[in-house]
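Here the structure is laid out as structure tokens; the discussion comes afterwards.
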Amino acid sequence: MSERPIRDRLATRQAVEAWRDRSFRRLPALKVRGERSALQFVNAVGFCFTLSHFGLPVPSLYVAVCGRRNPRWPRRTHHDAEIGLTWNLKDSLPAKRLAHYGKLVKGKPTLVSLDLFPAFCALIREGKGSGDYILDYRQGRMTRAAVLVLETLHERGALATPDLRKAVAMHGAERTAEFDRAMAELQRGLWIAKVEEVYDPDFYYRWDLLDNWLPEPLAASHDLGRAAAVRLLLVDYLCSAGAAQARFLGGLLDLPLAEVEAGLAALEADGAIRRSQAIRGLPGLWAVWLGDAHRRDDAGAA
């Protein structure tokens, strides 16, 4: 399909927002209506936040369910159909192992496609096996509370939150904050995964080691070098968002600026993007996607 030149296609703020309207499904005709279209959405954007975009230019499942920009948060969430559908979808996709869910990007609840997940694993786990967490602890990169959680899951397998808290002696109210920090730490480190949300009758999560829950994407990450993984994430975001600045990408993906710049330079050399572009209505210079509309193809695979 023939595409308009970059100077026409993504030269203004309005054009960039229109691009995102389509890729982020912020249009009524493209809204997510059920599990099938939700999976298509997650696979298309690569990763998305769940119940909010947190003021960031990042895809959101809730926004895609609403099919409009910046939907107003309802006053009565328990009776809102769009909130209800979003909540059910963020549960069902990971429960069926169709996507990964965890506090990953910016420490926010994030759904990640299984195709893109190995890139995150390559950068975050860095080839570490399930028992290598002890190295992080000895090097001061993991808290003792997080180690206790991992040791318990290794010994006992998947556990519900109440049982896990009791097993690590953090079931008292005074230990809640410590437990929550440990769980967020382990989710961001891709050591654990939420495998189920249970309502019986109380609401709680069930947790397992990521190595047990999604072994295939984790194994696939071992074949990805760091530079290739960075390129995959950059391609994914730029294809979805249309344009971005290097510092924003570094902050979003928790990457050093030098790695982002090197990745962008490689993508520009491949003809996938153009750097240092002015966009009317937006400050600074931008990296702009040059590929087919909303298609990554093999731009990041080199």
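The values are calculated or read from the model by the stated rules, or taken from the named source; none is laboratory data. Predicted model only: the values in this text are computed from it and were never measured. Because the Cβ atoms are built from the backbone with ideal geometry, glycine has one as well, and the counts that use them run over all protein chains shown.
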Surrounded by fewer than 16 Cβ atoms within 10 Å (Cβ to Cβ), among the acidic types (Asp, Glu) and not in a helix (DSSP H, G or I): does that describe Glu174? no
Filtering region 253-270 down to residues that are out of contact with any Leu (no Cβ under 7 Å at 6 or more places or on another chain) and either closer than 24 Å to Ala11 by Cα or assigned to a helix (DSSP H, G or I) (or both) yields Leu257, Ala258, Glu259, Glu261, Ala262, Ala265, Ala266, Glu268, Ala269, Asp270
I'd like the full set of residues that are in contact (Cβ under 8 Å) with a residue 12 or more places away in the chain and either β-branched (Val, Ile, Thr) or more than 18 Å from Arg144 (Cα to Cα) (or both), limited to region 157-174. Gly157, Ala158, Leu159, Ala160, Thr161, Pro162, Val168
Exactly one of Leu264, Leu285, Leu257 is closer than 24 Å to Gly225 by Cβ and either modelled with pLDDT under 95 or in contact with a strand residue (DSSP E or B) (Cβ under 9 Å, 6 or more places away or on another chain) (or both), and that one is Leu264
Quickly run through region 193-224 and pick out the residues that are of a type in the set (A, V, I, L, M), over 15 Å from the mean Cα position of the chain (by Cα) and assigned to a strand (DSSP E or B). Val195, Val198, Leu209
Restrict the check to region 24-35 and report whether at least one residue is modelled with pLDDT under 95, hydrophobic (A, V, I, L, M, F, W, C) and under 18 Å from the mean Cα position of the chain (by Cα). no
Cβ-Cβ below 6 Å, separation at least six or inter-chain, first residue in region 94-115 and under 18 Å from Tyr237 (Cβ atoms), second aliphatic (A, V, I, L, M) and at pLDDT below 95: which pairs? Thr110/Leu104
(1) β-branched (Val, Ile, Thr); (2) over 18 Å from the mean Cα position of the chain (by Cα); (3) crowded, with 17+ Cβ neighbours inside 10 Å: which one isn't true of Val230, the others all being true? (2)
Checking Gly129 against (1) in contact (Cβ under 8 Å) with a residue 60 or more places away in the chain; (2) closer than 21 Å to Lys90 by Cβ, which single condition isn't satisfied? (2)
Is it the case that some residue within region 39-46 is of a type in the set (S, T, N, Q) and either more than 12 Å from Leu111 (Cα to Cα) or surrounded by fewer than 20 Cβ atoms within 10 Å (Cβ to Cβ) (or both)? yes
Considering residues that are touching a residue at least 24 places away in the same chain (Cβ under 8 Å) and not in a strand (DSSP E or B), the number found within region 35-51 is 10
Quick one: count up the residues across region 117-142 that are at pLDDT 95 or above and outside any helix (DSSP H, G or I). 1
Would it be correct to say that Ser276 is modelled with pLDDT of 95 or more, of a type in the set (Gly, Ala, Ser) and closer than 26 Å to Leu93 by Cα? no
